[in-house]
1. Evaluate the following for A:VAL35: is it within 14 Å of chain B (Cβ to nearest Cβ) and either in contact with a strand residue (DSSP E or B) (Cβ under 9 Å, 6 or more places away or on another chain) or within 22 Å of B:TYR37 (Cβ to Cβ) (or both)?
2. Go through region B:1-112 and tell me which helices (runs of 4 or more DSSP H), entirely inside it, have 1 or more residues that are closer than 30 Å to A:LEU19 by Cβ and within 12 Å of chain A (Cβ to nearest Cβ).
3. Evaluate the following for A:SER16: is it at pLDDT 90 or above and polar (S, T, N, Q)?
4. Sort out which residues of region B:7-19 are on the phi < 0 side of the Ramachandran plot and surrounded by fewer than 21 Cβ atoms within 10 Å (Cβ to Cβ), and write them in order of number.
Amino acid sequence: MDKPMSIFDISGRAMSAQLVRLNATASNMANAGTVAGSAEGAYRAIRPVFTPIAEKPGVSTVTVKEIVSSDTPATKRHDPGHPLADANGDVWESGVDSSAELVDMVDASRMYQNNVQVLNTAKSLVLETLRIGK
Amino acid sequence: MSIENELFGIHGKALALRSQRLTLLASNIANASTPGYKAQDIDFDKALATATSEQGSLGGALKEAMGYRVPLQSAEDGNTVEMSTEQTLFAENAVKYRTTLSFLEGRLNTISRALRGE
């Protein structure tokens, strides 16, 4: 028999997944407002896609399936004085929606906290069970 | 099996089921932002009744009492985990786990006192 997935595996891996999401948000925020010389070269916001890993019905943890680039288009700005400007004097600003990123960041950190809370509760219950009869 | 039943009564099975339910609720909370995830839970009364019946087993009881949660307000990505519901149930389940644990402890104290003949 395989070692069954414990509550610590479930919440631990969920925390890692949320951390990936938080890192992606941080990358997006850091690159908001950066400028590139072409529409293709402009930074696109990245976002992880989660998928559940089920052990048996009802018992499943989560992992990052892939990281996709969002389709928020880069914004063209006319700025002939910019060193990166092309022949028409245009530059492209990265396609990052900062308010959406902020919302995502808050959501990811709350989800992370929820999993920490679950882990703490599970830990104290396990310790109490160990102490039984003493 | 029978000795275990005599010693702990309903509480042994109840503790195992509580622990299983805790895992289920933790899975729901872990998948709170997974698109398309359907939250699951067990009907505890039903599971306990099945587990304590004549030929009942824990695995069978879980399978029989398992169901999908009906969301109060469905999300656009098909996820049916509602944080408020899950957290409330998780807290409730943890408290009830502790309750069962203290029943078991009382039982153990009774038996050990009887064994010592105090």
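1. Numbers: within 14 Å of chain B (Cβ to nearest Cβ): no; either in contact with a strand residue (DSSP E or B) (Cβ under 9 Å, 6 or more places away or on another chain) or within 22 Å of B:TYR37 (Cβ to Cβ) (or both): yes.
Against the criterion (within 14 Å of chain B (Cβ to nearest Cβ) and either in contact with a strand residue (DSSP E or B) (Cβ under 9 Å, 6 or more places away or on another chain) or within 22 Å of B:TYR37 (Cβ to Cβ) (or both)), A:VAL35 does not qualify.
2. In region B:1-112, the matching helices (runs of 4 or more DSSP H) lie at B:10-30.
3. Numbers: at pLDDT 90 or above: yes; polar (S, T, N, Q): yes.
Considered against the rule, which asks whether it is at pLDDT 90 or above and polar (S, T, N, Q), A:SER16 comes out as yes.
4. Answer for region B:7-19, where residues must be on the phi < 0 side of the Ramachandran plot and surrounded by fewer than 21 Cβ atoms within 10 Å (Cβ to Cβ): B:LEU7, B:PHE8, B:ILE10, B:HIS11, B:GLY12, B:LEU15, B:ALA16, B:SER19.
Let's see how each residue does on (1) surrounded by fewer than 17 Cβ atoms within 10 Å (Cβ to Cβ); (2) β-branched (Val, Ile, Thr):
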site: A:VAL49; (1), (2): yes, yes
site: A:SER69; (1), (2): yes, no
site: A:SER99; (1), (2): yes, no
site: A:MET111; (1), (2): no, no
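The values are calculated or read from the model by the stated rules, or taken from the named source; none is laboratory data. This structure is a prediction, so every number in the text was calculated from the model and none was measured. Every residue, glycine as well, gets a Cβ built from its backbone with ideal geometry; the counts of neighbours run over all protein chains shown.
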